[in-house]
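Contents: one structure, followed by commentary.
The values are calculated or read from the model by the stated rules, or taken from the named source; none is laboratory data. If you're wondering where the values come from, they're calculated on a predicted model, not measured in any experiment. As a convention, Cβ positions derive from the backbone with ideal geometry for all residues, glycine included, and neighbour counts pool all protein chains shown. Protein only, heavy atoms only, side chains kept; ligands, DNA and RNA dropped before computing areas. Shrake-Rupley method; radii C 1.70, N 1.55, O 1.52, S 1.80 Å.
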Amino acid sequence: MRANTYPSDVTDEQWALIEPHLPVYPGGRPRKTDLRDVLDAILYLLHTGCQWRYLPKDFPPKSTVWRYFDEWRHNGTLDIIHDALRRKVRTAAKPYAPRTTASVDSQSVDTTSGGEQRGRDNAKNVDGRKRHIVVDSMGLLLAVLVTAADVDDAQAAAAVFARLKGQPLSRVAWMYADSKYHNFALYAWVAENARWELVIVRRPKGKQGWVKLPIRWTVERTFAWLGQCRRLSKDREKSARSAEAMIRLAMIHLMLNRLCPKQGDAEFCYRTAG
């Protein structure tokens, strides 16, 4: 029996997918903290938006939870878990089907905690940070970069594209983006460093307000998924590294629920861009 009396957000089946990817350090004292309790505490904080010091007493001490979160965001553990789950989700959805498209976009959000990388996006009337993400045709995360909100999308695109190294892009032929990425310096960077083509999807002429752009709706859906976590409704982190880690954690939890749905959850079917 687990000592934690708070209802676990991670089922036994989901924990079995994560546990093999957690780092193991031989020697030393036996660990007294249940890592599943630590993960539950981090996901509780992610979904409720509460502050670290207000974690319920059923969880391990906030200093312990923070220490593991800080370790995992620095040593690549979250990246390893995220990429392993993404492979399983892609295989379960369409085995042996190559992904030939990807999409890039940004989202400006207010920042509540100050810290590094802050600016103003006058176009969106936002003081805070900007999230730049690249997703595949299923909307699953390939790369993320958090910058100040006043950083131009095309300027940050080269940096976020550089983070695609090692990602499953061997069959990707087209990277879709909106008109904010129409930049000749970016075109030159892509031609020199990438194997895919940057395709600008423009709004239909004469259209006013929000318009559903073909193929690129997948990246907008991913932002909607992230918005289900209250901690991501605004950028509540002091560092860009923590902000990126929270985005990866949100995608990890989403993919866990896709691979091992909880009892009573509605069945979820991915739609791929086409």
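Listing for the model above:
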| read-out | value |
| --- | --- |
| Residues satisfying the stated conditions in the range 61-76, i.e. in contact (Cβ under 8 Å) with a residue 60 or more places away in the chain and buried (at least 18 other Cβ atoms within 10 Å of the Cβ) | F69, W72, R73 |
| Single residue of the range 107-137 satisfying the filter (among the aliphatic types (A, V, I, L, M) and either crowded, with 21+ Cβ neighbours inside 10 Å or assigned to a helix (DSSP H, G or I) (or both)) that is nearest to the chain's Cα centre (by Cα) | I133 |
| Selected residue (only one of R236, R231 is among the basic types (K, R), open to solvent by less than 50 Å² (accessible area, probe 1.4 Å) and more than 19 Å from A177 (Cα to Cα)) | R231 |
| Where R248 falls short, out of the listed (1) basic (K, R); (2) over 30 Å from E116 (Cα atoms); (3) open to solvent by less than 70 Å² (accessible area, probe 1.4 Å) | (2) |
| Looking only at the range 184-215, and only at residues there that are among the β-branched types (V, I, T) and part of a strand (DSSP E or B), the one that is nearest to A148 (Cα to Cα) | I200 |
| Lone qualifier among P20, P26, P30 - being farther than 18 Å from A250 by Cα, touching a helix residue (DSSP H, G or I) at 6+ places or on another chain (Cβ under 9 Å) and open to solvent by 20 Å² or more (accessible area, probe 1.4 Å) | P20 |
| Candidates D79, D40, D58, filtered to the one that is open to solvent by less than 90 Å² (accessible area, probe 1.4 Å) and not in a helix (DSSP H, G or I) | D58 |
| Scope the range 149-171; condition open to solvent by 60 Å² or more (accessible area, probe 1.4 Å) and in contact with a strand residue (DSSP E or B) (Cβ under 8 Å, 6 or more places away or on another chain); matching residues | D150, R163 |
| Among the candidates T222, T218, residue that is over 13 Å from the mean Cα position of the chain (by Cα), touching a residue at least 12 places away in the same chain (Cβ under 8 Å), surrounded by 13 or more Cβ atoms within 10 Å (Cβ to Cβ) and not in a loop (DSSP other than H, G, I, E, B) | T218 |
| Answer from W196, W174 - the residue that is aromatic (F, W, Y), touching a residue at least 60 places away in the same chain (Cβ under 8 Å) and open to solvent by less than 40 Å² (accessible area, probe 1.4 Å) | W196 |
| Hey, S103 open to solvent by 10 Å² or more (accessible area, probe 1.4 Å) and of a type outside the set (K, R) or not | no |
| Residue ID - most open to solvent (accessible area, probe 1.4 Å), chosen from residues in the range 251-274 that are at pLDDT 70 or above and of a type in the set (D, E, K, R) | R258 |
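Quick grid of which residues meet (1) out of contact with any Lys or Arg (no Cβ under 9 Å at 6 or more places or on another chain); (2) within 29 Å of L256 (Cβ to Cβ):
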site	(1), (2)
E116	no, no
A162	yes, yes
G166	yes, yes
W189	yes, no
